[in-house]
Structure formats: structure tokens, C-alpha cells
Amino acid sequence: MPAFLTRRVTFAAAHRYRVAGWSDERNEAVFGACARPNFHGHSYVCDVTVSGAIDETTGMLVDLGLLDRVLDSEVRQRFDHRNINLDVPEFADGGLIPTGENLARFIFDRVQQALGDRARVDAVTVAEDATLSATYRREP
């Protein structure tokens, strides 16, 4: 039976929603205020859930130091106090739109790649405030 462990990290970042090939008017019609040229920011909360067998010697499913280093490099260093559209190449114009859904999927993939087979990422939830969050989960 696998065990599950969730680690929470936070970051503050600015963004806006924009499809590069659309006019400003169309972007605002689809995305509302989130498309306006003046970026807006959030204090994000990101929960990363991993699973695996509990090591009989350590009592843990993953080395917390390793997990914290991965979350620092893949989440905090990449996003904290950044403009996601300008500072994170994958989210630049023509790339991913920095929605909660895309952020959760992106973080899921990056953390899994960094952890390799040392733990399985099961879910990533990104909340931009107390009323809105997006979760990307591994399919069963």
C-alpha cells in the first residue's frame, strides 16, 4: 500500500491571460480583466502530493530534504517574485497561458521529472486565492 505525503510551498507572482494571436479586444472579451496589459499578482499556495512505499528504515516515503530542494528549484526559484509571462519562457507569448490549470500541470511535470523514480507525483494543486484553485492529478 502506498503512503501519500503533501508538501505546501508558496510564491508570489504576476501574470495575465493572453492568446498571442488574438487582438487585445478579443483577449479581454474571453479573459476579462485578467487580460488587461497591466499584469496582476497573486500570493499562490501550491500543494504537491507524492506517493510511494514507506521505507522501513527511515519511516518516510521520500527524503524530505530532496523534495524540498526540488520544490525550491522547480517552484520557488522559477516563479517567486516573477512575472510569469515575462520571466518563465514556457509561459511567454505564444506559449502556455498562466492559468491555474496550466501552472498545476507544468509544476506536476517538472517535479516528477526532477524526482525521477524516487517518488510518484500524484497531484499538484495551485491556489491563487482562497476562492480559486486548480488541481492536476495523475490518472489512475
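Relative to the longest principal axis of the chain, what angle (0 to 90°, nearest 10) does the C-alpha long axis of helix 100-115 take?
Between helix and principal axis, roughly 40 degrees.
Computing the accessible area with a 1.4 Å probe over protein heavy atoms, can you report the carbon and sulfur percentage for region 32-124?
Exposed carbon and sulfur together represent 49 percent of the surface.
Would you please classify the overall shape of region 1-75 from the alpha carbon gyration tensor, given that a ≥ b ≥ c denote the square roots of the eigenvalues, rounded means a/c under 1.5, and beyond that prolate means a/b larger than b/c while oblate covers the rest?
prolate
Averaged per residue, what accessible surface does the chain expose to a 1.4 Å probe, in Å²?
Numbers: 7990 Å² over 140 residues.
Accessible area per residue: 57 Å².
Let me have the relative contact order for region 12-140, percent, based on Cα pairs under 8 Å that are six or more residues apart.
About 31 percent, as a whole number.
What list of ³J(HN,Hα) couplings, whole Hz, do you get for region 88-94 from phi and the Karplus terms 6.51, -1.76, 1.60, once you set θ to phi - 60° and write x for glycine and proline?
10, x, 5, 10, 5, 3, x
Quick one: grab the alpha carbon gyration tensor of region 39-98, order the square roots of its eigenvalues as a ≥ b ≥ c, and give me rounded if a/c is under 1.5, else prolate or oblate depending on whether a/b is larger than b/c.
prolate
Ranked from the most accessible area to the least, with a 1.4 Å probe and all protein chains present, what is the order of THR49, THR6, THR131? Mind showing how you got there, number by number?
Working: THR49 25, THR6 80, THR131 125 Å².
Order by accessible area, largest first: THR131, THR6, THR49.
How large is Rg/Rh for region 85-125, to two decimals, with Cα atoms and a Kirkwood Rh?
Numbers: Rg = 11.5 Å, Rh = 11.0 Å.
We get a ratio of 1.05 for region 85-125.
The values are calculated or read from the model by the stated rules, or taken from the named source; none is laboratory data. Given the structure is predicted, the values throughout are model-derived calculations rather than measurements. The protein model used for the area step is the full one, side chains on, heavy atoms only, and it has no ligands, DNA or RNA in it. Shrake-Rupley method; radii C 1.70, N 1.55, O 1.52, S 1.80 Å.
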